[in-house]
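*Asks:* Here it is, the structure in full.
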Amino acid sequence: YHPPHRNQVQRELKRLHGVHMSRLKQTLKNVTNVALTSDFWSDRRNNSYLCLTGHYMDTDVSMKSTVLHFQSYSQRHFAQNIAAEVNTRLRELGIDKKITSVTCDGAQNMQNAFDTIDQIDRLWCVAHRLHLTICNGLGLWKKFKKQHGESDKMDIADNDLLDIQTPFDESQSQNTSNDDMELSEASEDEEDIDDDEDEENLDLIFDSWDEQVLTAEDVNIEIEDDNNEEQIEITKRKVVETMQKCRSLIKIVRRSQIFTLFINDEKNRLNVPRRLIVDCITRWNSTYLALKALLEHKQVLINLFDNKCQLKLSTKQKEKLTASQLSSDEWTIIIHLIEILEPFQLATELLSGSQYPTIGICLFVLRNLKDFLKTESDNESYTMTRLKSCLAKSMNHYFNDKDEQHLLLIVSVF
């Protein structure tokens with residue numbers, strides 16, 4: 001076999017691109033309105049990519065979703081550059097006057113880019129904002145800092161931001177240079193929401209003649225609020241500690257052949273079909289899926305810890321495995337997290353449908369999630385109540401009822 005020369009392959013690819021581009025243009029000629037979704041991300045080597053997808057009804061009144069354009073992007077990630085590139089690609093396809101709306105993430109440069117395009121409504125990516133609600137509301141990716149002089153006790157750093165500098169992150173595009181940051185091209189939505197400092201300033205009790213005098217009842221309310229905030233932070237810290245141990249345990253098991261062989265044997269014996277997976281900060285609902293798989297492996301992992309002395313492990317491996325052993329309280333937290341994250345998983349799946357318009361159901365999904373977080377069952381545990389409070393606060397931040405975007409969702413229902 002003699003493979004074709006690279007020049008021949010290149011010519012054939014160009015020919016095929018031209019053929020399919022002509023077919024796409026012909027199809028879009030008969031389309032009246034196109035809804036656009038945009039995706040902008042960078043890989044591990046900091047190469048950037050731009051993708052535009054069109055959603056429309058064909059002549060048979062069938063829902064269609066088509067990739068309109070995909071390219072590597074080597075320009076600066078300024079809003080005006082992105083807007084110019086998008087406009088050029090839409091004009092090439094002859095649909096620049098047919099775009100009715102565009103859905104993008106919360107990166108400020110992406111928002112500014114599409115806000116400059118006339119007669120186009122920019123919409124939230126609701127699934128992306130739900131992901132931010134979960135990550136920042138529960139502090140799933142908070143980092144720890146050791147206290148001075150203490151080796152075991154650690155506190156969550158108040159100013160830690162959600163670490164989003166990972167591959168496949170659609171909002172990473174604005175972080176490529178200091179200049180971009182100085183021009184306010186950074187995404188505010190990707191930051192970990194930390195309102196503690198503002199709340200402390202608001203909660204100060206002034207006891208002076210030139211300030212309003214507080215009654216005993218007011219003081220009790222302030223103390224109760226402070227206690228609630230303190231309890232919520234304690235709960236979030238437990239979640240972070242549990243998640244760190246879960247990730248550490250999964251990585252240890254996956255990287256060792258000894259552990260893998262033992263677990264595979266136990267899985268076959270106990271009929272556990274799934275495998276352990278590691279969650280990813282940029283992948284929607286990956287933490288829910290990882291915890292669910294971990295819970296299904298609970299007995300397998302318990303057997304691993306019970307038999308670790310019989311395995312041919314090094315001292316270092318034994319120490320790492322012992323340090324990652326989950327307590328009964330941590331298993332309880334895992335169960336609570338699965339229970340509270342499951343509705344968000346279902347909501348994301350519903351909003352990710354491609355065979356039906358999803359914008360009309362966004363408001364319904366959001367209101368049901370808020371109702372779920374507000375509802376307290378009779379046998380609900382204290383920890384579960386605190387977890388719901390964390391998510392409810394985060395959801396109110398990302399889905400403010402007075403926001404213009406929320407009003408667009410209301411209009412889209414009718």
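*Asks:* When you scan segment 386-409, do you find a residue that is part of a helix (DSSP H, G or I), over 22 Å from the mean Cα position of the chain (by Cα) and modelled with pLDDT of 90 or more, even just one?
*Replies:* no
*Asks:* Still on this structure, I have one more. For segment 314-330: of the residues being surrounded by fewer than 16 Cβ atoms within 10 Å (Cβ to Cβ) and under 33 Å from the mean Cα position of the chain (by Cα), which is nearest to D371 (Cα to Cα)?
*Replies:* Checked segment 314-330; the qualifying residue nearest to D371 (Cα to Cα) is D329.
*Asks:* Right, something else. Restricting attention to segment 83-100, which residues are crowded, with 19+ Cβ neighbours inside 10 Å and either more than 16 Å from C51 (Cβ to Cβ) or touching a residue at least 60 places away in the same chain (Cβ under 8 Å) (or both)?
*Replies:* L93, I95, I99
*Asks:* Search segment 23-38 for residues that are in the same structural domain as I120 (by TED's automatic domain parsing) and pair each with any residue that is among the acidic types (D, E) when their beta-carbon atoms are under 8 Å apart and the residues are at least 6 apart or on different chains.
*Replies:* T27/D58; N30/D58; V31/D58
*Asks:* Any residue in segment 334-353 that is of a type in the set (A, V, I, L, M) and over 19 Å from the mean Cα position of the chain (by Cα)?
*Replies:* yes
*Asks:* Okay, moving on. Answer yes or no as to whether K292 is assigned by TED's automatic domain parsing to the domain that holds N136, farther than 16 Å from R254 by Cα, at pLDDT below 90 and of a type in the set (D, E, K, R).
*Replies:* no
*Asks:* Still on this structure: Take the residues in segment 296-313 that are surrounded by 16 or more Cβ atoms within 10 Å (Cβ to Cβ) and either among the hydrophobic types (A, V, I, L, M, F, W, C) or in a helix (DSSP H, G or I) (or both); name whichever of them is modelled with the lowest pLDDT.
*Replies:* Among residues in segment 296-313 that are surrounded by 16 or more Cβ atoms within 10 Å (Cβ to Cβ) and either among the hydrophobic types (A, V, I, L, M, F, W, C) or in a helix (DSSP H, G or I) (or both), the one modelled with the lowest pLDDT is L313.
Table: residues versus (1) hydroxyl-bearing (S, T, Y); (2) more than 24 Å from V240 (Cβ to Cβ).
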site	(1), (2)
I333	no, no
F344	no, no
T348	yes, no
L351	no, yes
S354	yes, yes
T358	yes, yes
I361	no, yes
R367	no, yes
F372	no, no
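*Asks:* If you take the residues of segment 272-295 that are in a helix (DSSP H, G or I) and among the hydroxyl-bearing types (S, T, Y), which of them is farthest from the chain's Cα centre (by Cα)?
*Replies:* Across segment 272-295, the extreme among qualifying residues is Y288.
*Asks:* Enumerate the pairs (first residue in segment 393-414 and under 16 Å from H131 (Cβ atoms); second residue anywhere and in a helix (DSSP H, G or I) and among the hydroxyl-bearing types (S, T, Y)) with beta-carbon separation below 7 Å, excluding pairs fewer than 6 apart on the same chain, so at least 6 apart or on different chains.
*Replies:* S394/T133; M395/T133; Y398/T133
*Asks:* Is there a residue being assigned to a loop (DSSP other than H, G, I, E, B), surrounded by 12 or more Cβ atoms within 10 Å (Cβ to Cβ) and not polar (S, T, N, Q) anywhere in segment 337-351?
*Replies:* no
*Asks:* Has segment 329-350 got at least one residue that is touching a helix residue (DSSP H, G or I) at 6+ places or on another chain (Cβ under 8 Å) and of a type in the set (S, T, Y)?
*Replies:* Yes, the conditions are met somewhere in segment 329-350.
*Asks:* Also, quick follow-up: Which one of these does Q75 not meet: (1) buried (at least 18 other Cβ atoms within 10 Å of the Cβ); (2) assigned to a loop (DSSP other than H, G, I, E, B)?
*Replies:* Every listed condition holds for Q75 apart from (1).
*Asks:* For Q80, state whether it is assigned to a helix (DSSP H, G or I) and touching a residue at least 24 places away in the same chain (Cβ under 8 Å).
*Replies:* When the stated conditions are applied, Q80 passes them.
*Asks:* OK, next. Going by what's in this entry, would V61 be described as exposed (fewer than 13 other Cβ atoms within 10 Å of the Cβ), in the same structural domain as E92 (by TED's automatic domain parsing) and closer than 24 Å to S352 by Cβ?
*Replies:* yes
*Asks:* Filter segment 108-135 down to residues that are touching a Phe, Trp or Tyr at 6+ places or on another chain (Cβ under 7 Å) and not in a helix (DSSP H, G or I) and give me whichever is farthest from N30 (Cα to Cα).
*Replies:* R122
The values are calculated or read from the model by the stated rules, or taken from the named source; none is laboratory data. Treat the numbers as computed from the prediction; the structure is a model and nothing was measured. Counting neighbours? That spans all protein chains shown, and the Cβs are built from the backbone with ideal geometry, glycine included.
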